[in-house]
């Protein structure tokens, strides 16, 4: 073990992946612009109008916990890495903590400076004690004419613990000053590059070479490599000075199918590499992160993951370029006209346990369930203190409608402009001992296809923004 | 307990009136209510007023009721603003009746007013969609069209009803409203028009939704002694029932009916000596709260006009047409006459007054006893009033 400050025998015990449902094919992009700037990107994943780094991170983390069969209460650290935080300043990890039901004593980290932020939260997770979640989720934005071409989206969560399936056996760093390669100006949502071709390719290649060679392994024997991947071609180009075969690099490339997923790119490539059928329990895999300004981090790992979490990369619903620019919000004003219904932020916060965890109340007098769990019992009408009951996250539609253009409350107009008509259902959740009903919005589906009696599953999404603050809560999507 | 009587009622035209204010519209309704009292009635006899409003577009949330009573010259009388969303003036009427029956007042003014059409459509949706369980229903992305559409989805599925029933409500109510000069949408519509209108919230389309409306209405409630000074056959308030329900649809035990409607009806019927099972034999006509077409179907069942799931059959058979067994919404209803939130309840009372005094625009033959049913939100508050002409007085 050559790692400093981390305990040996620690690494990945489980992983979760979230790739948004929409896909934009290279052909659509090329037809729209006459060319594509996204080298080696055949298609890319597109975040829906109600998705962002927080929701994609939550979705991935939920799957990582399910993968490990670990209760949220047992998580001791949670780090969230993204280059597209919904707010430029404000801790985001606590939102993920609340949404997952992770204890408030959990240490958190929000890292947002560059795609290499994912390496920072991974290192923090390695240094932590007990089960630690390293989450990376991103959906970069940029000038639709060029920078945007390669930008995709994904969320990945790696659960780090002792006695891992995949041990992280070494970490190496390299730092030098290389500005202007990938940056976002203060106050801007657009990721930019100065596009000084030779300069930036040299910077990335030299950084990759230095940091990979610093690892305690013979690179020629490495089975797979997940390399910084702002498009589908760069991982191969910037490893030209190290003895990594194209096939080895290929196992860790996902940008060809989901685009540049920012901070989530290398972690997702790593999960794909570790799941690759040619990577076995004895094999060594490397991951190399490049931060836009010139910082680089490399991990060395030993082992492989069972399963096929990254199969979702191949799924997805193709969309037109027009739909793409709507979903991404490039052509929609975000301002709420006419003023939204004012649900104060403190009252919203008070209801987070319901909106995230579907917490209902059981009446201590008669046993009936109440949602939200406040006021008098809906059955015996006694004013009681309800016992908290977390309801199942899958339920049944008991009433449903579709809100078409013009029918949405003003605070939902920007979302409707982006994503079109949406379904609103009343969903019954039944845990076998009682049931509650709640009104919810439907997402990731054709709302006209949802009928009374259908089974639907909860997913945390961005509900709306008010007074500059995004608000999150459950929506429901038809069960597989 | 002494009885209360309706001695006069009136309403302003319902519609979109950029030149009017809530005060000026109320002035029209008030003057028409005074004119409705036969003989020489002195407005100084009004002891008190209860006026319903949701809030006049949010511009006058406080003290709008004294603003209108002072405006019409009822200087100094105690005035109470009543807010129970769309049932505001149904409750205001009930308050007026209680004031008279208690003996504290001899003559009480009930009424309502609203200005809804002079703001942007987004602003309108902002203040109209907040009378449900805002933190949950609204934050799921619905306004009331969405919530009633959810009821419709559950109802159509539960009883396997053809959605054409929704359009039949529109056709009937527009046919009635076309004869009412005070109606906002006073034109007829064909079944085809109603079937092919743009969808608002599936399965409710534009013709299944009432409009937003400017308007005011007023009713004068008085003691028996006062009523008999003006009438040989005075109109007695035989019953005023009211009930509350969970404000959020999702919080209720059923979606295919409005429980508070049924409870309010049972209370009103008991006071009026009406047997719930045979209500259709004991009333001659009704004004029901058809803010959305599904609401009229639910009302037939909640008020006991038919059994569960049978409302569409009543419509198909013409049972609730003006020449049917039990005419419903001869005024045009909220659908055609309009729905100026706070003014709707006493607007319905005005239709009852016109019918019982023989001045209906679509006059029911030999109208002796009528019912008004006024719903707040999706059923959080409901009033049912039964008025009857005392022929033996």
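Here, each number is a calculation from the coordinates, and none is a lab measurement. From a predicted model like this one, the values you see are computed outputs, not experimental measurements. Virtual Cβ from ideal backbone geometry, glycine too; neighbours counted across all protein chains shown.
Quick check: the distance between the Cα centres of the range A:347-385 and the range B:34-70, to the nearest angstrom?
41
Considering only DSSP beta bridges whose two residues both sit in chain A, what percent are antiparallel, to the nearest 5?
Percentage antiparallel, nearest 5: 80.
Over the protein assembly as shown, what is the percentage of antiparallel beta bridges among all DSSP beta bridges, to the nearest 5?
75
Peptide B:130-137: average number of partner chain Cβ atoms within 10 Å per residue?
5
Mind checking the angle between helix A:197-213 and chain A's longest principal axis? C-alpha axes, 0 to 90 degrees, to the nearest 10.
Once rounded, the angle reads 90 degrees.
Have a look at B:196, B:80, B:53 and tell me which one the Gaussian network model of chain B (Cα, springs below 10 Å) gives the largest fluctuation.
Of B:196, B:80, B:53, the Gaussian network model singles out B:196 as fluctuating most.
Sort the range A:89-246 into rounded, prolate or oblate with this rule: let a ≥ b ≥ c be the square roots of the eigenvalues of the Cα gyration tensor; rounded if a/c is under 1.5, and if a/c is not under 1.5, prolate when a/b is larger than b/c, oblate otherwise.
oblate
For chain A, evaluate the Debye formula with one uniform point scatterer on each Cα (no solvent term) and list log10 I(q)/I(0) at q = 0.11 Å⁻¹, rounded to two decimals.
So the normalised log intensities work out to -0.88.
Just to check, using Stokes-Einstein with a Kirkwood Rh over alpha carbon pairs, what's the diffusion coefficient of the range A:86-168 at 37 °C and 0.692 mPa s in µm²/s?
Using the Kirkwood radius from Cα pairs, D works out to 228 µm²/s.
Test of understanding: ordering A:236, B:155 by Cβ neighbours within 10 Å, fewest first, what list do you get?
A:236, B:155
Just checking the output field for B:290-300: average partner chain Cβ neighbours within 10 Å of each residue's Cβ?
For peptide B:290-300, the averaged partner shielding equals 0.
Arranged from highest to lowest average of other beta-carbon atoms within 10 Å per residue, in what order do the peptides A:57-66, B:358-367 appear?
Taking the mean over residues of other Cβ atoms within 10 Å, the ranking is A:57-66, B:358-367.
Going by average Cβ density within 10 Å per residue, which order do the peptides B:70-79, B:320-329, B:125-134 take, highest to lowest?
Going by the mean number of other Cβ atoms within 10 Å, highest first, we get B:125-134, B:320-329, B:70-79.
For A:363, B:210, B:86, B:306, what ranking results if the residue with the fewest other Cβ atoms within 10 Å of its Cβ goes first?
Exposure proxy ranking, most exposed first: B:306, A:363, B:210, B:86.
What order do you get for A:184, B:246, A:23, B:59 when you list them from fewest to most C-beta neighbours inside 10 Å?
Sorted ascending by nearby Cβ count, the order is B:59, B:246, A:184, A:23.
So how tilted is helix A:53-68 from the main axis of chain A? Cα-based, degrees 0 to 90, rounded to 10.
Once rounded, the angle reads 90 degrees.
By average Cβ neighbour count within 10 Å, what is the ranking of A:82-88, A:269-275, A:174-180, A:397-403 from highest down?
A:269-275, A:397-403, A:82-88, A:174-180
On a 0 to 90 degree scale, rounded to 10, what angle separates helix B:259-272 from the longest Cα axis of chain B?
Roughly 40 degrees, rounded to the nearest 10.
So for the protein assembly as shown, considering every pair of alpha-carbon atoms, how many percent are separated by more than 44 Å?
Pairs farther apart than 44 Å: 40 percent.
Once you have a ≥ b ≥ c as the square roots of the Cα gyration tensor eigenvalues for the range B:248-308, tell me rounded if a/c is under 1.5, and otherwise prolate or oblate according to whether a/b is larger than b/c.
prolate
Per residue of A:415-422, how many C-beta atoms from partner chains lie within 10 Å of its own C-beta, taken as a mean?
1
Quick one: of the DSSP bridges fully inside the range A:147-300, what percent are antiparallel, nearest 5?
So the antiparallel bridges in the range A:147-300 amount to around 70 percent.
Determine the shape class of the range A:332-480: with a ≥ b ≥ c the square roots of the Cα gyration tensor eigenvalues, call it rounded for a/c under 1.5, and otherwise prolate if a/b is greater than b/c, oblate otherwise.
Oblate, since a/c reaches 1.5 and b/c is not below a/b.
Roughly how far apart, in whole Å, are the Cα centres of the range A:190-261 and the range A:417-450?
43
Could you work out the helix-only [θ] at 222 nm for the protein assembly as shown, with each DSSP H run of four or more residues adding -39,500 (n - 2.57) and the total divided by the number of residues, to the nearest 500 deg cm²/dmol?
Helix-only estimate at 222 nm: -8000 deg cm²/dmol.
Translational D (Stokes-Einstein, µm²/s) of chain B at 10 °C and 1.306 mPa s when Rh comes from the Kirkwood sum over C-alpha pairs?
Using the Kirkwood radius from Cα pairs, D works out to 78 µm²/s.
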